[in-house]
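Right, one structure below, let's go through it.
FYI, it's all coordinate maths here, none of it is from the lab. Note that the structure is a prediction, hence the values are computed from the model and not measured. Note that we place each Cβ from the backbone using ideal geometry, even for glycine, and neighbour counts take in every protein chain shown.
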Amino acid sequence: MTGSEGDGGALAARIGRRTGELSPAEQRVAEYLWKHPGMIVLSTAAELAELAGTSDATVVRTVKALGYSGLPELKRAVGHEVVSDTPAARLRQKVEQAGDDPASLADELLAESMERLAETRRLLAGPAFTAAVDLLAGADEVIGYGLGLSELPMRYLAMRLRRLGRRARSSAATGFRLADDLLPLAPGHLVVLNAPERLLPDMRTLVRHARAAGAGVLLLTESLGATLDSQVDVTLTAVHSPSRLTAEGLSATFLLDCLLLALAKRDPGAAAEHAELLATLRTRLAPGDQRSRRP
């Protein structure tokens, strides 16, 4: 079979038909190609191999197993769809399709949110989740790291952990400022990296230094698992929004809430004690029911 089947949609169909014939390494490559068609056009076999966490020979073998004569033919096959299927194009299409009344808009957003959360829940493997809770429970300090909007769930994580009586902080530093945040990393620390789709140089440096310093690493991502699995302790999949209509951190925050609840259940007495202390401090800082007073 040749690349006459056409575009990236045909690529997805080929992967679906032939996934059972692929080796585990080839399946990892196929999954990466399916999730990142844009990288097919822009990357060499060696670059795709690094991104998928395998060898360039495995990339070429996977492409041929999917029925293409080689990477050039696959590039031509997906090229047209990649040009027309950008995040901006998907967002515009979604906005144009949405209804004008509030109920239609709410239904559109609710449907996508439910799909993302349901898929995140489906991909949540029990052993990986338990291992992630173990990492949080055993950490002397947790450092959440994310860039841009990905920082917000990390701030949330740090705040919630402190309310459970645990040492935690978040960072969105880059460049030389990140170096200062990396200095204290030591055995017993845990880095939680929220990196939905892109692995930036600062993130690579963070992971490498964390490993060298003896700190643990928990990764929240949609598509970087194959790239970083060998460098992190646990990976949890947080499904991203293809249309960019719903909050970037929705799935990641859902996973964090699951982890925090499981962590609290391991020591409910301590969780209750710190909740009571938080309420006491709030009362001292704002005596009386300030919310009921009108200006």
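Which residues in the stretch 234-272 have a backbone N closer than 12 Å to a point placed 7 Å from the Cα of Ser104 along the Cα-to-Cβ line? It comes to no residues whatsoever.
Among the trypsin sites (Lys or Arg not before Pro) in the stretch 210-274, those placed in a DSSP loop whose Cβ has at most 15 other Cβ atoms within 10 Å are Arg244. In this simple spin-label model, placing a label point 7 Å from the Cα along the Cα-to-Cβ direction at both Ala212 and Glu50 gives a separation of 1.8 nm. The sum of -39500 (n - 2.57) across all DSSP H runs of n ≥ 4, divided by the residue count of the chain, sets its helix-only mean residue ellipticity at 222 nm to -19000 deg cm²/dmol.
Each of Ala286, Pro24, Ala264 was scored by the projection of its Cα onto the charge dipole of the chain, and the greatest displacement toward the positive side belongs to Ala286; charges sit on the C-beta of Lys, Arg, Asp and Glu. In the frame of its principal axes, the stretch 166-295 has Cα extents of 52, 39, 33 Å, reported largest first.
What is the dipole size for the chain, taken about its Cα centre, with +1 at each Lys and Arg Cβ and -1 at each Asp and Glu Cβ, in debye to the nearest 20? Don't skip to the answer; put the middle values down first.
Working: 35 positive and 36 negative charges, 159 e Å.
That gives a dipole near 760 debye.
Over all directions, the average projected area of the alpha-carbon convex hull for the chain comes to how many nm²? Provide the component values of the computation, followed by the final result.
Numbers: hull surface 80.2 nm².
Reported value for the Cα convex hull: 20.0 nm².
Applying the Kirkwood pairwise sum to the alpha-carbon positions of the stretch 236-276 produces a hydrodynamic radius of 11.9 angstrom.
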